[in-house]
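Asker: Below you will find the structure I want to go over with you.
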Amino acid sequence: MNNILLIITSVLLFNLHLLAHSGSIKGKVVDSVSGKPIQLANIILLPIGLGATTSENGEFLIDVVPEGNYMIKISHLNYTTVSRMIIIIAGEELKLNVRMAPASFNLAEVTVTSKLDPNRIFTKINLIDIELRPINSSQDVLRIVPGLFTAQHGGGGKAEQIFLRGFDNDHGTDIDVSVDGMPVNMVSHAHGQGYADLHFVIPEVIDFVNFNKGPYYTSRGNFNTSSYVDFKTKTNIGKNILKVEAGTFNSFRTVAMVNILGKDVAEQNAYIAGEYFYTDGYFDLPQNFSRINLFAKYTGRISESNLLTISASNFSTKWDQSGQIPDRAITQYSWITRFGALDKTEGGNTSRTNINTLINTNISSTLFLSNKFFYSKLDFNLVSNFTFFFNDTTLGDQINQVEDRDIYGYKGTITHLGNIGSSNLKSNLAMGVRFDKVNGLALNNTLDRNQLLQTRALGDVTETNLFIYYNGLIQLSDKFSLDIGLRYDHFLFDYVDNTQIKYTPFSEVAGIFSPKLSLFYDVNKDVQLYLKTGSGFHSNDTRSIISDEVKKAIPRAIGGDLGTVFKPIENMIINVAGWILYLESEFVYVGDEAIVESSDETLRLGIDLSVRYQLLKDLFFDFDYNYAYGKFINELDGSNFIPLAPRHMSVGGLSFIPLNGLGGSLRYRFIDDRPANENNSVVALGSFILDLALNYRFSNLNLYVRIENITNTEWNEAQFDTESRLRGPSGNGEFRGTLEPQSISELHFTPGSPIWIKGGITLSL
């Protein structure tokens, strides 16, 4: 007992000694031209190596700095590095205001290691990617994540189908997507579990993307199995922006962003943005697709220690679609072209409204509090036809999926910077709740889009997710950092089946603990080794609890990454990792059929490789290659393929990005053939697509041309093995004639875009 007291007393005295002989640095970094805060600037204190990264309002804090003389270095990819001598006096806080001049993009400014946040390098890589492949369209939004592919198969109005790390995520089942910390995934959605529709985001307001792969991050809960992606919107746009774009297929897009407060209001920023987009699409049937987006954001100090950020957005869209078509309708019967439609009344409309509020409070120089509140309102109406006359040989199988949803959420986080002995400790303790209320969740059979034939499923869902977690980042030494955490999620599932005459409620309660442990080793300032391990999960659809088959409401995922990030030369960054992921047996509600489907345990493993290289001052090369192998564990070889799970994927290109003058890029996208079903009897075809972009920037004007699929390659975007039954032509372009003698299971697909040319002008004022 005496020994324990002696150890505790020694540790306390040592910490008191450190505090008594140390000071701190607090600062803000801004653009010297626009005055806008610079986020993710890298601050390092030489020669001791302590560092920090600026927040979204350009602020940083380095605490417990031993008294003495130091060189502080502030760097960023797009700015000239600032270095200056400073003196730290014990017990005092040094305040710095740093102005950085814009400069050419420079990979030499990237520091691999970060003692304050070892995962920060992945965000820096994504900053590089935004420079090399700017986000210009809704399709580009998710593709910014290395190794992530998307496919659209709903006329541009549905959420994209997502492929990552050997997963066909459908529309978001195994990837956690958020915007400014507000969840995008929809639990128990009319079209499928985890539905993540990002079309409410105006691409030009995205500042950077915080992403990481695997279930290793305590702050991420539901759906964080293969990855999480959090899009951060700009705090300050600087200049006002007007963009006008037109292209083939009767496409038109315009974006306006207005800085409301101007440059003269200190500690406050506010802007509004709007987007309108229309296209007929490249299909034989005009898509009549239109989308309107509005977004507003305010950031400002409401007191010396409180920073308020509030944003609001509204999005609405409507479209007609040609749907997925069976291969035989083209190759065998010659009824339609690749861009034709067998059911010309498919389509939909959807809208979403969001309010997102964050209050950051500096309680002291080492203690911080954040309170986040969010609300979302979603209306969804989709008409599809996948099987044509398979179920109903007379009127057809057209389905209508509908829902009306409200989401309420809160998350509170306490962050503390301290010490354990001589080791720095950054602690996060958080708790929160998400509450989904879904009314009129329906699956209907319809005819010609508007005529209701039958209601197959109709109910109300109430789903509550309560969570609490602790995460600690410990700097064990100058070389080693340990990231450890534990999360608990508690779910309350409630479903009322309104197809029953008698009031019929169903309820289920479930909970899951998710431990996380990651180790980082900084070989030197240019080499980091890491081992990440952890457990995550995705919840199953609330409606699945009415099935007697369901044994588990929350399937667990367990995985590990072993990798390195390093700079072999000053202007090159390489990230390579081997990974493995196990996922428990799942029971998934299939929104297209109103049934519960089960699948067995799966095991996936693979390799991710990313290279970023600055060949010349303005010439850059980037390359991503991702290999994944997956199988159902308990199935026989030959019948254990995971449907639509890609094995080889790669993206890359050359980009020329001068500050002014002519620039551009040539990029490719590659995905290989993959099994469309468990026995690989039907194959989803791979593709290799080239895209070209050219722009000319001078003064406040930017002229650009983008050409998608410059070789006009014939390729399939979304693909499925589907059993369908068709009727032949019946006149007036309809297909309600002679019925096929039997149903056929084969590849059904949505064709990818042929060559698509878009040109535009951006004016900054």
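The values are calculated or read from the model by the stated rules, or taken from the named source; none is laboratory data. Because the structure is a prediction, the values reported are computed rather than measured. Here Cβ is always computed from backbone atoms with ideal geometry, including for glycine, and neighbour counts include all displayed protein chains.
Asker: Restricting to region 690-731, name every residue that is modelled with pLDDT under 95 and at positive phi.
Answerer: Matches in region 690-731: S699, G731.
Asker: Mind listing whichever residues of region 655-665 are surrounded by fewer than 16 Cβ atoms within 10 Å (Cβ to Cβ), among the hydrophobic types (A, V, I, L, M, F, W, C) and part of a strand (DSSP E or B)?
Answerer: If we filter region 655-665 for residues that are surrounded by fewer than 16 Cβ atoms within 10 Å (Cβ to Cβ), which is where we start, we get 658-662.
Adding the requirement that they be among the hydrophobic types (A, V, I, L, M, F, W, C) leaves 659, 662.
The one that is surrounded by fewer than 16 Cβ atoms within 10 Å (Cβ to Cβ), among the hydrophobic types (A, V, I, L, M, F, W, C) and part of a strand (DSSP E or B): L662.
Asker: Can you name the number of the only condition in (1) over 34 Å from the mean Cα position of the chain (by Cα); (2) assigned to a strand (DSSP E or B) that A90 fails?
Answerer: A90 satisfies all of (1) over 34 Å from the mean Cα position of the chain (by Cα); (2) assigned to a strand (DSSP E or B) except (2).
Asker: Considering S251, S227, which residue is hydroxyl-bearing (S, T, Y), modelled with pLDDT of 90 or more and under 24 Å from the mean Cα position of the chain (by Cα)?
Answerer: On the way: S251 fails: under 24 Å from the mean Cα position of the chain (by Cα).
When all the criteria are applied, what remains is S227.
Asker: Quick one: count up the residues across region 703-745 that are of a type in the set (D, E, K, R), over 33 Å from the mean Cα position of the chain (by Cα) and surrounded by fewer than 16 Cβ atoms within 10 Å (Cβ to Cβ). First the steps, then the outcome.
Answerer: Restricting attention to region 703-745, the residues satisfying the condition of being of a type in the set (D, E, K, R) are 706, 708, 714, 717, 721, 723, 725, 727, 734, 736, 740.
Adding the requirement that they be over 33 Å from the mean Cα position of the chain (by Cα) leaves 725, 727, 734, 736, 740.
Within this subset, residues satisfying the condition of being surrounded by fewer than 16 Cβ atoms within 10 Å (Cβ to Cβ) are 734.
Final tally of qualifying residues: 1.
Asker: Shifting gears a bit: Name the one entry in D436, D494, D489, D478 that is in contact (Cβ under 8 Å) with a residue 12 or more places away in the chain and part of a loop (DSSP other than H, G, I, E, B). Talk me through it step by step, then tell me what you get.
Answerer: Details: D436 fails: part of a loop (DSSP other than H, G, I, E, B); D494 fails: part of a loop (DSSP other than H, G, I, E, B); D489 fails: part of a loop (DSSP other than H, G, I, E, B).
Answer to the check: D478.
Asker: Filter region 682-703 down to residues that are of a type in the set (S, T, Y) and not in a loop (DSSP other than H, G, I, E, B), then give me how many there are. Reasoning before the result, please.
Answerer: Going residue by residue through region 682-703, those that are of a type in the set (S, T, Y) are 687, 696, 699.
This time we only want the ones that are not in a loop (DSSP other than H, G, I, E, B), so: 687, 696.
Total satisfying the criteria: 2.
Asker: Scan region 373-413 for residues that are surrounded by fewer than 17 Cβ atoms within 10 Å (Cβ to Cβ), touching a residue at least 40 places away in the same chain (Cβ under 8 Å) and charged (D, E, K, R) and jot them down.
Answerer: Matches in region 373-413: D392 only.
Asker: Here's a follow-up. Find the residue count for region 668-687, including only residues that are without any contact (Cβ under 8 Å) to a residue 60 or more places away in the chain and under 16 Å from G652 (Cα atoms).
Answerer: 3
Asker: Go through region 325-347 and report how many residues are in contact (Cβ under 8 Å) with a residue 60 or more places away in the chain and not in a strand (DSSP E or B).
Answerer: Of the residues in region 325-347, the ones in contact (Cβ under 8 Å) with a residue 60 or more places away in the chain are 325-329, 333, 335, 338-339, 342-347.
Subsequent filtering for residues that are not in a strand (DSSP E or B) retains 327-329, 333, 335, 338-339, 342-345.
Total satisfying the criteria: 11.
Asker: Please go through (1) in contact (Cβ under 8 Å) with a residue 60 or more places away in the chain; (2) surrounded by fewer than 17 Cβ atoms within 10 Å (Cβ to Cβ) for Y469 and return the number of the only condition it doesn't satisfy.
Answerer: For Y469, the failing item is (2).
Asker: Among the residues of region 70-94, write down those that are of a type outside the set (S, T, N, Q) and over 18 Å from G51 (Cβ atoms).
Answerer: Of the residues in region 70-94, the ones of a type outside the set (S, T, N, Q) are 70-74, 76-77, 79, 82, 84-94.
Scanning region 70-94 gives I87, I89, A90, G91, E92.
Asker: Cβ-Cβ below 9 Å, separation at least six or inter-chain, first residue in region 723-741 and hydrophobic (A, V, I, L, M, F, W, C), second modelled with pLDDT of 90 or more and in a strand (DSSP E or B): which pairs?
Answerer: Taking only residues 6 or more apart or on different chains, the pairs are L726/P326; L726/F388; L726/L739; L726/I744; F735/F388; F735/R727; L739/R725; L739/R727.
Asker: Among the strands (runs of 3 or more DSSP E) confined wholly to region 219-292, which include 2 or more residues that are in the same structural domain as D436 (by TED's automatic domain parsing) and over 30 Å from F167 (Cβ atoms)? Can you show your working first?
Answerer: On the way: elements: 227-233, 241-247, 251-259, 268-279.
Answer list for region 219-292: 241-247, 251-259, 268-279.
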